[in-house]
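Step one of this worksheet: look at the structure below.
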Amino acid sequence: MPDAAVLSDATTTNGAFLVWAIVLPVAGVLLSLVLGGRHVERIAFVLLPAGLCLAFVIFADVWQSGHPLIYIVGDWKPPLGIALRADGLSAAMMVAVAVVICGVGVFAYADFHTRAGSAETRAPFAFWILLMAIWGAMNTVFLGGDLFTLYVAIELLTFAAVPLVCLDGRAETLQAALRYLLFALLGSILYLVGTALLYGSYATLDIVLLSHRVHLDPATLVAAVLMTIGLFAKTALFPLHLWLPPAHAGAPAAASAVLSAVVVKGSFFIVVRLWFDVMPWILGAAGAQLFGALGASAIIFGSVVALRQERLKLLIAYSTVAQIGYLFLMFPLAFDAESAQLQSGGALTGGLLQAISHATAKAAMFMAAGLIYATLGHDRIAELGGIARALPMTMFAFALGGVSLIGLPPSGGFLAKWLLLEAAVATGQWWWAVVMLAGGLFTSAYMFVVLSRALMPAHQPLKLRATVPRYQEAAALALALCSLLLGLVALGPVDVFQVSRLETVMVGLR
């Protein structure tokens, strides 16, 4: 099929919104570097709500039109130029990330606010710049229309995320950040080599054009394997997860929330783009089952190790390792045996909802853990007695996040796992249903351990080291409620499958 038949002739109406989604955070970073000092947080608090509104506008436009938004950069069409594209999957993820980053911004104000009359320090200046950089890199990941643009975006994401791990400058966090950086750079090298092989074979990296030209040959297979392993390392999929627990558990609470809820979703999103959009017929039944097996291993391993943790933040970090596994169960469940390729449908929608519900729930749980640490001076699970009475709103937010992770109704996690279970029954792959049910039981077990300890009376009066601001508790609770309301909205008049149908619009251009 000629290239002109699969590409839009020009930028679509409102396509310029896509440029603004990237320009706003970049402008925030540049302005912050120029103005510096106390202006940084003011710039962030102006641009973050604007970015949230813009994400909702893009989602509404894609939803109502039923077609993707497209912007041809410089009016140079691919393969010579760069195209930005937003389908339903992109728009939904942009909204989720914007919500989480705004919630984290509100939460972080207490910890990274430079008060009038006090000396300026490095950590607040770095945090707000890195937060805006992560936001811009994630939007570029969601909107990038070619594999090299996605490489640039994922590299920017890495170099913005790694410093967040070691903002406090402690030796253990520096070590965790270096380990994270090594895994991320290894993943980047593998991904870049894969893109070079694809470009050498097909003379384009544009997702739509490449999907029409790609065919199964040794070079393509090697490229796909290298890129996938690299992205798995960045996503921390078992057994390439070794960097995640120390990095997420050692970072400040606001940074942990961003890393767990947002950053790991960037590389996962590219995995989805690569296999569902570029080469859905190349993975094969064996490859899809391998992806599912890695996901199942992550669920079991992460859950078992989480149960053995003595610190709350480490428990939540290993829970992230487990929850990432659910995202990869959708690959065998989305594989259609008749057409021998991945199909968009209930399984893909379930994976998307799992990613979004996990983002809001896990951000809320890391924030709650940070407030507990600030109040008690520690996060040892065995010594949490009485904290539910001292911080009722915080523990309620933590419990609501756990409801979504377990998959209890009416949370977004419940709807996501229900769609995956439906796909498992429809395709006769009952073993993945067993894995999901076992994962839910494990999650219930470690949530029960934490909540039972928190609800127990303290053996002696609690010595509260600090009083946390109410708005920090409210920010954690708001994100936890988002994970719950996601299920309520999807079960209402809004057709949740529409997200998946919008996601397939770009595929339908083939």
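The values are calculated or read from the model by the stated rules, or taken from the named source; none is laboratory data. What you are looking at is a predicted structure, and each value in this text was computed from that prediction instead of being measured. Quick reminder, even Gly has a Cβ in these numbers, built from the backbone with ideal geometry, and neighbours come from all protein chains shown.
What the table below lists for this structure:
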{"read-out": "Number of the exception - Leu221 against (1) part of a helix (DSSP H, G or I); (2) buried (at least 24 other Cβ atoms within 10 Å of the Cβ)", "value": "(2)"}
{"read-out": "Segment 265-285 residues that are farther than 15 Å from Leu209 by Cα, paired with ones that are in a helix (DSSP H, G or I) and among the small types (Gly, Ala, Ser) (beta carbon under 6 Å, 6 or more apart)", "value": "Lys265/Ala355"}
{"read-out": "Selection from segment 40-90 of residues that are aromatic (Phe, Trp, Tyr) and in contact (Cβ under 8 Å) with a residue 24 or more places away in the chain", "value": "Phe45, Phe56, Phe59, Trp63, Tyr71"}
{"read-out": "Test for Gly136: is it over 27 Å from Trp76 (Cα atoms) and within 19 Å of the chain's Cα centre (by Cα)", "value": "no"}
{"read-out": "Of all residues making up segment 165-180, the number that are more than 30 Å from Met279 (Cα to Cα) and assigned to a helix (DSSP H, G or I)", "value": "10"}
{"read-out": "Filter result for Ser297 (free of Cβ contacts under 8 Å to residues at least 60 places away in the same chain and of a type outside the set (Phe, Trp, Tyr))", "value": "yes"}
{"read-out": "Lone qualifier among Val152, Val162 - being in a helix (DSSP H, G or I), without any contact (Cβ under 8 Å) to a residue 40 or more places away in the chain and in contact with a Phe, Trp or Tyr (Cβ under 6 Å, 6 or more places away or on another chain)", "value": "Val162"}
{"read-out": "From Ala293, Ala254, Ala261, residue being of a type in the set (Gly, Ala, Ser), closer than 14 Å to Leu329 by Cβ and assigned to a helix (DSSP H, G or I)", "value": "Ala293"}
{"read-out": "Complete set of residues in segment 382-401 that are of a type in the set (Gly, Ala, Ser) and either buried (at least 24 other Cβ atoms within 10 Å of the Cβ) or under 14 Å from Ala478 (Cα atoms) (or both)", "value": "Ala397, Ala399, Gly401"}
{"read-out": "Residues within segment 446-457 that are more than 23 Å from the chain's Cα centre (by Cα) and either modelled with pLDDT of 90 or more or assigned to a helix (DSSP H, G or I) (or both), tallied", "value": "8"}
{"read-out": "Helices (runs of 4 or more DSSP H) completely within segment 1-106 that count 3 or more residues being modelled with pLDDT of 90 or more and within 24 Å of Thr360 (Cβ to Cβ)", "value": "16-35, 39-65"}
{"read-out": "Qualifying position, being of a type outside the set (D, E, K, R) and in contact with a Gly (Cβ under 8 Å, 6 or more places away or on another chain), among Ala44, Ala50", "value": "Ala44"}
{"read-out": "Neighbours by Cβ (under 7 Å, 6+ apart or cross-chain): first from segment 390-402, within 22 Å of Pro461 (Cβ to Cβ); second surrounded by fewer than 18 Cβ atoms within 10 Å (Cβ to Cβ) and of a type outside the set (Ser, Thr, Tyr)", "value": "Ala390/Leu462; Ala390/Leu464"}
{"read-out": "Residues (among the hydrophobic types (A, V, I, L, M, F, W, C), surrounded by fewer than 19 Cβ atoms within 10 Å (Cβ to Cβ) and within 13 Å of Ala16 (Cα to Cα)) located in segment 55-96", "value": "Val57, Val73"}
{"read-out": "Residue in segment 126-136 that is at pLDDT below 90, in a helix (DSSP H, G or I) and either among the aliphatic types (A, V, I, L, M) or touching a helix residue (DSSP H, G or I) at 6+ places or on another chain (Cβ under 7 Å) (or both) present", "value": "yes"}
{"read-out": "Any hit, segment 255-262, residues being of a type in the set (A, V, I, L, M) and more than 27 Å from Ala86 (Cα to Cα)", "value": "yes"}
{"read-out": "Pairs where the first residue, in segment 417-434, is more than 16 Å from Ala288 (Cα to Cα) and the second is in a helix (DSSP H, G or I) and among the β-branched types (Val, Ile, Thr), C-beta under 7 Å, 6+ apart", "value": "Leu419/Thr349"}
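For (1) of a type in the set (S, T, N, Q); (2) crowded, with 22+ Cβ neighbours inside 10 Å, each residue gets a yes or a no:
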| position | (1), (2) |
| --- | --- |
| Met279 | no, no |
| Val304 | no, no |
| Arg308 | no, no |
| Gln323 | yes, yes |
| Leu327 | no, yes |
| Ala334 | no, yes |
| Gly345 | no, no |
